[in-house]
1. Could you say whether any residue in the stretch 158-172 is at pLDDT 95 or above, assigned to a loop (DSSP other than H, G, I, E, B) and within 26 Å of Leu370 (Cα to Cα)?
2. If I filter the stretch 27-36 for residues that are farther than 26 Å from His376 by Cα and either part of a helix (DSSP H, G or I) or more than 19 Å from the chain's Cα centre (by Cα) (or both), do I get at least one hit?
3. Test of understanding: among Asp216, Asp248, which residue is surrounded by fewer than 17 Cβ atoms within 10 Å (Cβ to Cβ), in contact with a helix residue (DSSP H, G or I) (Cβ under 6 Å, 6 or more places away or on another chain) and closer than 24 Å to Leu111 by Cβ?
4. Is there a residue being outside the structural domain of Arg369 (by TED's automatic domain parsing), in contact with a Phe, Trp or Tyr (Cβ under 9 Å, 6 or more places away or on another chain), touching a residue at least 40 places away in the same chain (Cβ under 8 Å) and β-branched (Val, Ile, Thr) anywhere in the stretch 279-291?
5. Mind listing whichever residues of the stretch 340-398 are in a helix (DSSP H, G or I), more than 17 Å from Pro300 (Cα to Cα) and among the aliphatic types (A, V, I, L, M)?
6. For the stretch 233-243, does any single residue satisfy the condition of being surrounded by 17 or more Cβ atoms within 10 Å (Cβ to Cβ) and either of a type in the set (Phe, Trp, Tyr) or not in a helix (DSSP H, G or I) (or both)?
7. Being assigned to a helix (DSSP H, G or I) and either surrounded by 16 or more Cβ atoms within 10 Å (Cβ to Cβ) or more than 23 Å from the chain's Cα centre (by Cα) (or both) narrows it down to one of Ala292, Ala309, so name that one.
8. Name the pairs: first residue in the stretch 94-117 and outside the structural domain of Gly191 (by TED's automatic domain parsing), second residue modelled with pLDDT under 95 and of a type in the set (Lys, Arg), Cβ to Cβ under 7 Å, at least 6 apart or on different chains?
Amino acid sequence: MPGSTSGATLKFKTMSTPTPLSIPFNRSSLEGRELEYIFQTITIGQIAGDQTFSKKCHQLLEDTLGVPRALVTTSCTHALEMAALLLDIRPGDEVITPDFTFVSTINAFVLRGAKPVFCDIRKDTLNLDETALERLITPRTKAIVPVHYAGVGCEMDAILAIAKKHGIAVVEDNAHGLFGKYKGRWLGTLGGMATQSFHETKNITCGEGGALLINDERFIERAEIIREKGTNRSRFFRGQVDKYSWVDIGSSYLMSDVLAAFLYAQLEVWQNIQAKRRCIWERYDEELRDWAVNQNVRQPFIPAHCDQAWHMYYLLLPSLEQRTALIAHLKQSGIHSVFHYLPLHLSDVGQSFGGRVGDCPVSQDVSDRLLRLPFHNSMSAEDQSRAIAAITSFNVLS
């Protein structure tokens, strides 16, 4: 039959393309058997969610991290929305997040009617400032959502102790931190729940995707229901009920098995990916050190008790003007560098919830000065040499 592949072996040919002159901030890449696995999903007719490769992703995350349940989702945002549903967030509840984070961290809870409460960040790791946390707690506080910025663990012992004292849930936003550790424990395994991102810009990716890690087993059954449009379909497929029906609120949070196939191929080789990124991070850190000291530029700080996830490399310039000038300087050399989050408390929505200038001074200051350098799995030594040479040729203090 025309177009039939029956009895034939499909061969993938990698197209050779000229190396672009510009150095992108991010570039996705194949790391393992992504194309082979995608072809398998299509060949066996399993392209919807929760099929062969979704289950493989679940199992790998559970076995590697030691979590009771992992569920892949369409995005980290949707995993956060599931967490909000599992915590039964209602109008009037308050949720504390760092001010310096992506909007999804808090938006998932605001969608359920919660009031955001923004906590300032530490000057060293840029994580939620645990010393400022307790004074933000009120009788309405329902959850604390720490973000492991750049894959460096928050001070979770202090955060968890404060949460336990006040009977508040902790959901780790671990979008940056998969395979990082805090005091020898995997990030994402410390709170009652955690969320992961597999967006194109993350270490391990499928383009768009996420996962909910469930450490508190009380949430497992309801999480499966919420993720399956509020039905007990998962129990039906396990043979635990003879039919499934609508039993709770929920939505469609299942990742397509086509994306799960891509993701599983990357998860299989996560140690290789992390090793590549470690080399890139450490080279930036070493070869920029003298320039940074001489130019009053701050490099990332990693506490001794944290094993970072090698997610990004950033610099803190002395001022907004100097950061703007360095971005322009690098752009002239074809090197794409970017800033990061804007303070949430100063956004239009943040101000509508009472955010005011001065509420989170460290977040506001860092937002003006932070610059992220090109950093991706396939970054070549030559491209990194060009980036380093361009940076060190810039005189910040002139």
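1. No, the stretch 158-172 contains no residue that is at pLDDT 95 or above, assigned to a loop (DSSP other than H, G, I, E, B) and within 26 Å of Leu370 (Cα to Cα).
2. In the first step, residues of the stretch 27-36 are kept if they are farther than 26 Å from His376 by Cα; the result is none.
The answer is no; no qualifying residue exists.
3. Working: Asp216 fails: in contact with a helix residue (DSSP H, G or I) (Cβ under 6 Å, 6 or more places away or on another chain).
Just one listed residue meets the conditions, Asp248.
4. First, pick out the residues of the stretch 279-291 that are outside the structural domain of Arg369 (by TED's automatic domain parsing): none.
Scanning the stretch 279-291, I find no residue that is outside the structural domain of Arg369 (by TED's automatic domain parsing), in contact with a Phe, Trp or Tyr (Cβ under 9 Å, 6 or more places away or on another chain), touching a residue at least 40 places away in the same chain (Cβ under 8 Å) and β-branched (Val, Ile, Thr), so the answer is no.
5. If the condition is that a residue be in a helix (DSSP H, G or I), more than 17 Å from Pro300 (Cα to Cα) and among the aliphatic types (A, V, I, L, M), then Leu344, Leu346, Val349, Ala381, Ala387, Ala389, Ala390 are the ones that fit.
6. Among the residues of the stretch 233-243, not one is surrounded by 17 or more Cβ atoms within 10 Å (Cβ to Cβ) and either of a type in the set (Phe, Trp, Tyr) or not in a helix (DSSP H, G or I) (or both), which makes the answer no.
7. On the way: Ala309 fails: assigned to a helix (DSSP H, G or I).
Every option except Ala292 fails the conditions.
8. Final answer for the pair search is none.
The values are calculated or read from the model by the stated rules, or taken from the named source; none is laboratory data. Note that this is a predicted model, so its numbers are computed, not measured. In this analysis, Cβ positions are derived from the backbone assuming ideal geometry, glycine residues included, and neighbour counts consider all displayed protein chains.
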